[in-house]
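Okay, so here's the structure we're looking at.
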Amino acid sequence: LSNLTMWFWEKWPYASESNSYMGLVLLVPLALAFFMRKRFGLPKWINVWWIILFIFAVLALGPHLRIHEHTLDSILLPYDLLTRLIPTLQVSGMPMRMVLMVLVSGVVIASFVLKKINLQSRKGKLLFAGIVILFVWEVYPVRLPLALPDYPHYVDVLKDLPQRSVTGIIDNAATRVS
């Protein structure tokens, strides 16, 4: 099954460190907060969290814009300027780690949206139920595919040798007869 997506991931260095999934449970309340901000009546200071979210989202993109396997060196992003101002940032090597602040600010904004849902109304109950169903669907465990591991031939040879020790150490010198 991994061969189906190999074309995408094999050309992406540090794929596990350069990808993050915010989740629909966070993105839906953020979309509601952005498009329906007047209706939810969020406090003015929540805009600070929007600024933090936006700044760190752009910084998490790294020094150069990357689209799939192509790096556009001609387009410098703010992270490049930041590493020139603060050279110690180059040591970390992973601007993607800044996405943690995106998640924190997103959770703060989303929590205010969820707090403003009127659970006394039918619409509010349906919206909240939809978010709960979305959460359950998103975190519901999926059975992992089982594949036998590849191992070298010498493992079979070692398995077939007679056991003379409880330690699992094969000591050919001790078994030789002179």
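The values are calculated or read from the model by the stated rules, or taken from the named source; none is laboratory data. All figures in this text were calculated on a predicted structure; none of them were measured in a lab. FYI the Cβ positions are ideal-geometry reconstructions off the backbone, even for glycines, and counts take in every protein chain you see. Protein only, heavy atoms only, side chains kept; ligands, DNA and RNA dropped before computing areas. Shrake-Rupley method; radii C 1.70, N 1.55, O 1.52, S 1.80 Å.
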Region 75-95 residues that are without any contact (Cβ under 8 Å) to a residue 24 or more places away in the chain, paired with ones that are open to solvent by 90 Å² or more (accessible area, probe 1.4 Å) (beta carbon under 7 Å, 6 or more apart): Leu77/Leu61; Tyr79/Leu61; Thr83/Gln90
Hits in region 83-114 - residues which are of a type in the set (Val, Ile, Thr) and within 10 Å of Phe56 (Cβ to Cβ): Val99, Val102, Val104
Residues satisfying the stated conditions in region 1-30, i.e. of a type outside the set (A, V, I, L, M, F, W, C), surrounded by 14 or more Cβ atoms within 10 Å (Cβ to Cβ) and either in a helix (DSSP H, G or I) or at pLDDT 80 or above (or both): Gly23, Pro29
Only one of Trp45, Trp49 that is under 26 Å from Leu127 (Cα atoms), open to solvent by 60 Å² or more (accessible area, probe 1.4 Å) and in contact (Cβ under 8 Å) with a residue 12 or more places away in the chain: Trp49
Check on Val58, open to solvent by less than 40 Å² (accessible area, probe 1.4 Å) and at pLDDT 85 or above: yes
Yes/no for Leu103 being closer than 30 Å to Tyr140 by Cβ and modelled with pLDDT of 85 or more: yes
Region 46-76, residues that are within 22 Å of Leu27 (Cβ to Cβ), in a loop (DSSP other than H, G, I, E, B) and not aliphatic (A, V, I, L, M): Gly62, His68
Conditions (1) surrounded by 11 or more Cβ atoms within 10 Å (Cβ to Cβ); (2) within 28 Å of Met6 (Cα to Cα): number failed by Phe40: (2)
